[in-house]
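Only one structure is covered here, and it is reproduced in the block below.
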Amino acid sequence: MTSSVTEDIVPNKWKLSFREGQMNPVVRFLDRLGVRRQDFMKSGSTCIVYNYHETNNQGSPQVLKLCTKRIDYFNYHRSTVKDFKTLIDKQFSGNLLPISEILYEDPHYFVYAQEKIKILDFSQVDCENFIIILEIIKKMFVENIITPDFISSNLGFNSQGQLLMLDYHDFKPLDVFLKKGRWSKIARCIMEFASLALFKRRFEEKFSESFTTWKEEAAIKSKNYAAEYFPSYIVNIFKALDSGRRSQIVTAITQCQKNLSNLQPVTASLQPIPKSPSFDFQSDHVPFHHHSQTQSPEEKICQCRHPHQSERTDRRRDKKDKKEKKDKKEKKDKKDKKREKSRREHRHRHDF
């Protein structure tokens, strides 16, 4: 009989705990529950995910998550897993995928069941779903607790078709997040969703620019908060994040949602969009995405509604062309001067 947990599926940070037997009690529990190695789906930094043979109260399929307690939530909160579940159920109902049932808890690990949902595909990120994602982000600022992992593989649709966030283990107090001033990951996530919603292309494909150059807050500020890439109502969110003021952030997100809701909804038949290597954060759930090169109706609408974007692109191109011409002229003048100087020196030697 194969054990539910083998070392090859244990996250690297847990391996010492596994080897020293700290995981033995939870492994025995899973084995008694009937969980086997073949039920394994995915390992992430905070949990191991299995297919679960029990359905929830609505009859929907479920996953089983074996989680470490070495996560941000327990680092900052002296509480139990039951308190964690209550937080999700009461403060984030309709925003976060609920914990169906807590099955096990010890000082080091806990196990819970959760509905198995359909992971958000990039091609599904339209203005409507972008507004919902922004609502989840805003709710965290309102409730004073946040995780920055707003990536597509941490979002999905439940059996009722609601778009929810499914991984929130790294919840930390908002004041801790704001004091650290590390808001670039949230900004990059918003930039990716904004590019998909407005242009139906991933950021790197749309702008031919790697996300690796946007990893630091200083880099985002030096690029004027992406003002040459997105409308002002998107840019204002980044400025608000940089301010570190909760009220300003909530206001900016709300205004952005209003602007997005005014864009005409368009149904487009699109193939899924591919993942981009420089934006591939580790996650407990990994979707599969395909590729599309076609321009979407949403992009055409956005281009009509935001002509300043194409104008800025033209200005950048003109500026680049002028600089290239100037550099070429300076290089030619330098060569001509050098050639003339050589001729004068040659004539001077012959005169003597």
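The values are calculated or read from the model by the stated rules, or taken from the named source; none is laboratory data. Because the structure is a prediction, the values reported are computed rather than measured. So basically every Cβ, Gly included, is an ideal-geometry build from the backbone, and we count neighbours across all protein chains shown.
Yes or no, residue by residue, for (1) farther than 30 Å from Leu163 by Cα; (2) free of Cβ contacts under 8 Å to residues at least 60 places away in the same chain; (3) in contact with a Lys or Arg (Cβ under 6 Å, 6 or more places away or on another chain):
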position	(1), (2), (3)
Ile9	no, yes, no
Trp14	yes, yes, no
Phe18	yes, yes, no
Gly21	yes, yes, no
Val35	no, yes, no
Cys47	no, no, yes
Asn75	no, no, no
Ser79	no, yes, no
Asn95	no, no, yes
Worksheet, complete the sentence: Of the residues in the range 14-23, those that are closer than 14 Å to Leu66 by Cα and loosely packed, with under 12 Cβ neighbours inside 10 Å number 0
Discussion item. Quick check on the range 154-188: of everything there that is closer than 16 Å to Ile99 by Cβ and of a type in the set (D, E, K, R), which residue is surrounded by the most Cβ atoms within 10 Å (Cβ to Cβ)?
Written reply: Asp167
Worksheet item: Does Ala197 meet the test of being more than 26 Å from Thr86 (Cα to Cα), touching a residue at least 60 places away in the same chain (Cβ under 8 Å) and aliphatic (A, V, I, L, M)?
Response: yes
Item to complete: With respect to Val5, determine if the residue is surrounded by 15 or more Cβ atoms within 10 Å (Cβ to Cβ) and free of Cβ contacts under 8 Å to residues at least 60 places away in the same chain.
Response: no
Worksheet item: Which residues, taken from the range 122-153, are touching a residue at least 60 places away in the same chain (Cβ under 8 Å), over 19 Å from Leu241 (Cβ atoms) and either surrounded by fewer than 18 Cβ atoms within 10 Å (Cβ to Cβ) or not acidic (Asp, Glu) (or both)?
Response: Phe122, Ser123, Val125, Cys127, Glu128, Asn129, Ser152, Ser153
Discussion item. So, in the range 60-109, exactly how many residues are in contact with a Ser or Thr (Cβ under 9 Å, 6 or more places away or on another chain), aliphatic (A, V, I, L, M) and over 23 Å from Trp14 (Cβ atoms)?
Written reply: 1
Item to complete: For the range 249-263, indicate whether the set of residues that are under 30 Å from Tyr76 (Cβ atoms), among the hydroxyl-bearing types (Ser, Thr, Tyr) and at pLDDT 95 or above is non-empty.
Response: yes
Worksheet, complete the sentence: (1) basic (Lys, Arg); (2) farther than 22 Å from Cys256 by Cβ; (3) assigned by TED's automatic domain parsing to the domain that holds Asp167 all hold for Lys82 apart from (3)
